[in-house]
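Below is one structure, written out as structure tokens; comments come after it.
The values are calculated or read from the model by the stated rules, or taken from the named source; none is laboratory data. None of these values were measured; they are calculated from a predicted model. Cβ placement follows ideal geometry from the backbone for every residue including glycine, while neighbour counts extend to all protein chains displayed.
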Amino acid sequence: MERRKQPGDEFRNSENETSKTRKNSDNNLQQIHQPRTCLYATILFIQLSFFLFLARSLFHSSLNVINQYIIFGNPNCGSGMFYVYDLPPSFNKELIQSCHDINPWRSLCDAVSNGGLGPLTTGLDEVVPENLTGAWHTTEQYASEIIFHNRAMSHPCRTLHPESALAFYIPFYARFALERHLWARSSSSDRDRLFGMMLEWIKRKGFWNKSSGLDHFMMIGRVTWDYRRARDEDWGSSFFLMPEMKNVMRLIGERNPWDASEVGVPYPTGFHPRSVSDVVRWQDHVRSHRRTTLFCFVGGTREKFKNDFRGLLISLCKNESDSCRVVDCAGHRCTNGTSTILNTFLHSDFCLQPRGDSLTRRSVFDCMVAGSIPVFFWTRTAYDQYLWHLPPDPASYSVFIDKFKVMRNGTPVKQVLESYSKADIERMREKVIEYIPKLVYAKLNEGLGTMKDAFDVTIDEVMRTIKELRYKQVRVQD
């Protein structure tokens, strides 16, 4: 039976048609948008892939640049090459030409002669084997700037092309720039002027700006405290406190243990071997030398210091004359490299090494080169200073006696040293003898060839450190 039309049927039919049309329209829109969405996703994926590839490429490109620094030039320079700035003569050579006038009490012309090694030492015939006397010079303890400069100029890892250099050496003679004003009642600005001029000259070279001096290094004569003047009326220069010096690696005889940019390096001694055989002959000589004294002290009192510890040690030594030899430098200057000093160290098992005018002493290295075992009373005299050049275990080559135990508790130095057996002493001495090459500076600018001296150890560690800093810098930037 045919259904009769009801009210609203036309409206419902119309709505159904509209719904069908809307569904068809939605399907058409989906068909239209699906390819477009895929296109957008594809484009986005390609862009992200490109950016990731670019970032990775830039990172590896930066590392490749460092690797180019390393492999360019001498293949034996595993950590890279260094460039030596050709400074204006007013920053180095001209400073030592006025050697007569730098120090008001004595001429420094002998000290700067022979490339900083000083004149040959005389009077050593009864102390040093005859075939080694030509290796001994009267070397001044602050001559390291000149010695280092001459060695750097002949080093196989030096490059003449700054673009291929991983590191940059600034051969500025800071010691002489300071000393010409140090005792002349000069103003603070006079004491700082040449230092500021040198830094301005360096900054005008584009290589400084690449890392703000992070890949630059210097050898500095004297001790760190001479370059840390905080007030105008204080001693020395403010060189190390200048903003430009924050990142520069500073090689120095006495470092500030709280400044990561400073590295302690050995003071020059009088022994400058000409060959590996010179080193071996000297090691054999000190190993076989007959030592007749338990310990010794070479130095003078420091009366300006309250409770002068050096004076205490001199008194102790004189009271223990059967066990201790003393070279009292009071009233006259102990000349560098004198036979008396060397002979005293050669005859002693131990050498007492209190602080000097500052915490360190050149005598530490004179003592060890003679095969004597150093006895320290301050950790900062050596242990916190010469991390590249001394054995990592202090007990393997030295004795430490707390100065306060000696001063306040009366701890007898002789009794402490007598507690070491003959076997202990031989073992410690052998470690000292093993490290002699790392404590001396070769006579020839070409070094010792297969054996590394103090300069070689220093430059190897400088390059390794700067290489690591450059890698870290690249990773941070990328």
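Per-structure values
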quantity	calculated
Residue ID - surrounded by the fewest Cβ atoms within 10 Å (Cβ to Cβ), chosen from residues in the range 267-291 that are in contact with a strand residue (DSSP E or B) (Cβ under 8 Å, 6 or more places away or on another chain) and part of a loop (DSSP other than H, G, I, E, B)	Ser275
Matching residues in the range 76-127 - criterion: being surrounded by 15 or more Cβ atoms within 10 Å (Cβ to Cβ), assigned to a loop (DSSP other than H, G, I, E, B) and touching a strand residue (DSSP E or B) at 6+ places or on another chain (Cβ under 8 Å)	Gly80, Met81, Tyr85, Leu117, Gly118, Thr121, Leu124
Pair list, Cβ < 9 Å and 6+ apart or interchain, from the range 196-215 residues that are farther than 25 Å from Leu178 by Cβ and of a type in the set (A, V, I, L, M) to residues that are surrounded by fewer than 19 Cβ atoms within 10 Å (Cβ to Cβ) and modelled with pLDDT of 95 or more	none
Residue identified as in the same structural domain as Gly134 (by TED's automatic domain parsing), on the phi < 0 side of the Ramachandran plot and assigned to a loop (DSSP other than H, G, I, E, B) among Ser237, Ser321	Ser237
Ile314, sole failed condition from (1) surrounded by 18 or more Cβ atoms within 10 Å (Cβ to Cβ); (2) within 30 Å of the chain's Cα centre (by Cα); (3) part of a helix (DSSP H, G or I)	(2)
Qualifying position, being part of a helix (DSSP H, G or I), touching an Asp or Glu at 6+ places or on another chain (Cβ under 7 Å) and under 30 Å from Arg470 (Cα atoms), among Arg151, Arg175	Arg175
Some residue of the range 328-339 being outside any loop (DSSP other than H, G, I, E, B), touching a residue at least 12 places away in the same chain (Cβ under 8 Å) and under 14 Å from Lys414 (Cβ atoms)	no
Members of the range 124-142 found to be hydroxyl-bearing (Ser, Thr, Tyr) and in contact (Cβ under 8 Å) with a residue 60 or more places away in the chain, listed by number	Thr138, Thr139, Tyr142
Residues located in the range 234-283, provided they are closer than 27 Å to Asn114 by Cα and of a type in the set (D, E, K, R)	Arg250, Glu254, Arg255, Arg274, Asp278, Arg281
Conditions (1) within 30 Å of Arg185 (Cα to Cα); (2) modelled with pLDDT of 95 or more: number failed by Asn103	(2)
Qualifying helices (runs of 4 or more DSSP H) (wholly inside the range 375-474; at least 2 residues being without any contact (Cβ under 8 Å) to a residue 60 or more places away in the chain and under 30 Å from Gly115 (Cβ atoms))	none
Arg333 at pLDDT below 95, surrounded by fewer than 21 Cβ atoms within 10 Å (Cβ to Cβ) and farther than 30 Å from Thr133 by Cβ	no
Among the candidates Leu241, Leu199, residue that is exposed (fewer than 15 other Cβ atoms within 10 Å of the Cβ) and at pLDDT 95 or above	Leu241
Test: residue in the range 246-261 that is within 27 Å of the chain's Cα centre (by Cα) and among the acidic types (Asp, Glu)	yes
Condition met for Gly115 (closer than 23 Å to Phe345 by Cβ and of a type in the set (Gly, Ala, Ser))	no
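Quick grid of which residues meet (1) farther than 28 Å from Glu303 by Cβ; (2) out of contact with any helix residue (DSSP H, G or I) (no Cβ under 9 Å at 6 or more places or on another chain):
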| position | (1), (2) |
| --- | --- |
| Thr360 | no, no |
| Lys403 | no, no |
| Asp424 | yes, yes |
| Lys431 | yes, no |
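The rows are residues; the columns are (1) in contact with a strand residue (DSSP E or B) (Cβ under 7 Å, 6 or more places away or on another chain); (2) surrounded by fewer than 16 Cβ atoms within 10 Å (Cβ to Cβ); (3) free of Cβ contacts under 8 Å to residues at least 40 places away in the same chain; (4) farther than 19 Å from Ile436 by Cβ.
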site	(1), (2), (3), (4)
Arg310	yes, no, no, yes
Val326	yes, no, yes, yes
Thr344	yes, no, no, no
Asp349	yes, no, no, no
Gln353	yes, no, yes, no
